[in-house]
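Here's the structure, in structure tokens; my notes come after.
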Amino acid sequence: MRKILVVDDEQNIRRMLVRVLSSEGFIVKEAINGLKALKKLEEENYSLVLLDLKMPGLNGIETLKKIRENDLNLPVIMMSAYGSIPEAVEAIKLGALDYLIKPFDIEELKIIIKRAIKQYELEVENIYYREEEEKRFNFDEIIGKSNSINRVLEMIKNVSPTPATVLITGESGTGKELIARAIHKNSLRKKGPFVVVNCAAFSLNLLESELFGHEKGAFTGAISRRIGRFEMANGGTIFLDEIGEIDLSIQTKLLRVLQEKEFERVGSSKSIKVDVRILSATNKDLKKEIEERRFREDLFYRLNVFNIEVPPLRERKEDIPLLAEHFIHKYNKILNKKVEKVSPQAMELLLDYDYPGNIRELENIIERSMIMARDEIIDEKYFNFINKETYIEKKGTLKDVEKELIIKYLIQNKGNRTHTAEILGISRRSLQNKIKEYQINL
């Protein structure tokens, strides 16, 4: 719910604004002076500030300067019973959205506030997504420090500068597209386009047209020429997600693109040359698909020049705290929250869970719990919706179970090996040896 902070030393003004704005569905908080306002802004996120100009102590202009030191975008509307053009100009220069003279028209105020908040929310969203776009595709944004994810990062570093085709394999939700984007972003083609095609999202005829384009009249509904994704990706990279879902007839055309770097649009006999690097991904076992004659062996070897296998989340449990922290930071911005962390009890639940949907499911769990959370710490009660049937059954060898317990208690004890050894009932030296044996990186 959107929150507005009313800052005015006059109680009657504050009460009137609280009454009016609360009736419009806003949560309205009050501050009697600039210092108290700044304290409230530190404690909570607000969508807008109504700030009086003349106040004892820290006046409106000084308060606005302090607000702008911490937040350049928060909408601030100045209010004053004393109309002064120089003060109004100064306030606008400092970033005030508007300057209203008391007594002001209530209906006009409502319109200004709603417009300002809508604009602010769009700006915050755009800033967030711009930052994410800039950051998310460098190696720092592939979250984790486990040995398994470090091996993936090393493979990305090695293959990115080369022209090699890459097949990214792994379960659904493990972050295969993120890895494809990281390869492109760190390649010699990084200034070229990065074009994504979800091969499972199109029917046979539509996929052919989507990939290679079509000429006017090529089929019913083809009312004009349309270029395909390969042409769009010329000079850059094309990422074929769910490559295991494509039909054999499309596989034949795709093989030609890989071999000859050319194709024809649907309904045309003219060959089109392209310079495209091909990355692909699948959650299927393509070797099994080849055995069952659903996937071409020659295409497989062309796509699989370099393979990156992305580990499932259940095999990199030590990364869960870092991933949870990342998603809390992300959804604090999107949901306008100030959640700090997950409680130790809640983290234990997260560490015991199996994650059939992998990182995508963990993100969904964090987002949902943050929507429900009313505190700065997410407690275990906010994870009651998790399907208890999908908690890990302790299967595998004794070593597998032992490794998982060591990771779990190291995380709970924030890496303190002495406390972890005490809980496990072993010596610190034994724990050190097991950490080295199991290659646990915490």
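Of note:
- Helix 320-335 and the long axis of the chain differ in direction by around 50°, with both axes built from C-alpha atoms.
- The stretch 215-270: chymotrypsin sites (Phe, Trp or Tyr not before Pro) in DSSP loop, at most 13 other beta carbons within 10 Å: Phe219
- For a straight C-alpha distance cut-off of 17 angstrom, the lysines reachable from Lys414 (same-chain residues fewer than eight places away being disregarded) are Lys145, Lys317, Lys341, Lys403.
- Computed lengthening from Phe219 to Ser271, 0.36 nm per intervening residue step minus Cα-Cα distance: 16.8 nm
- Label-to-label distance, Leu204 versus Asp71, with points set 7 angstrom from Cα along the beta-carbon direction: 5.7 nm.
- Acute angle (nearest 10 degrees) that the helix 358-372 long axis makes with the longest principal axis of the chain, alpha-carbon atoms: 20
- Most tightly packed first, judged by the mean number of other beta-carbon atoms within 10 Å of their residues, the peptides 273-284, 66-77, 202-213 read 273-284, 202-213, 66-77.
- Across the chain, the relative contact order, built from alpha-carbon pairs under 8 Å that are at least six residues apart, equals 12 percent.
- Couplings 3J(HN,Hα) of the stretch 62-68, computed from phi: 5, 5, 4, 4, 5, 4, 5 Hz, in residue order, whole Hz [Karplus 6.51 cos²θ - 1.76 cosθ + 1.60, θ = phi - 60°; x for Gly and Pro].
- Coordinate range along principal axes, alpha carbons of the stretch 175-256, Å, largest first: 41, 25, 22
- Amide H contacts of Val310 (H built 1.01 Å from N, under 5 Å, at least 5 apart or other chain): Thr169, Gly170
- Cβ charges +1 (Lys, Arg) and -1 (Asp, Glu), total dipole of the chain, debye: 720
- For the pair Lys414 and Glu325, label points projected 7 Å from Cα toward Cβ lie 1.1 nm apart.
- Shown here are the Rg and Dmax of the Cα trace of the chain, at 28.4, 83 Å.
- Residue-count net charge about Gln439 - beta-carbon cut-off 11 Å; Lys, Arg +1, Asp, Glu -1: +2
- The peptide list 2-11, 182-191, put in order of mean Cβ contacts within 10 Å with the highest first, becomes 2-11, 182-191.
- Residue with peak Gaussian network fluctuation, the chain [Cα springs, cutoff 10 Å], from Ser269, Ser47, Ser148: Ser269
- Across the cross-link table entries Lys157/Lys288; Lys110/Lys381; Lys288/Lys436; Lys284/Lys381, which are compared at the Cα atoms, the separations over 32 Å belong to Lys110/Lys381; Lys288/Lys436; Lys284/Lys381.
- Each of Asn336, Leu424, Ala346 was scored by the projection of its Cα onto the charge dipole of the stretch 314-437, and the greatest displacement toward the positive side belongs to Leu424; charges sit on the C-beta of Lys, Arg, Asp and Glu.
- Rounded to the nearest 10 degrees, the inclination of helix 34-43 to the longest alpha-carbon principal axis of the chain is 20 degrees.
Only the coordinates and a few stated rules stand behind these numbers; no lab work does. A quick note: this is a predicted structure, and the numbers were derived from the prediction, not measured. Cβ: placed from backbone, ideal geometry, glycine included. Neighbour counts: every protein chain shown.
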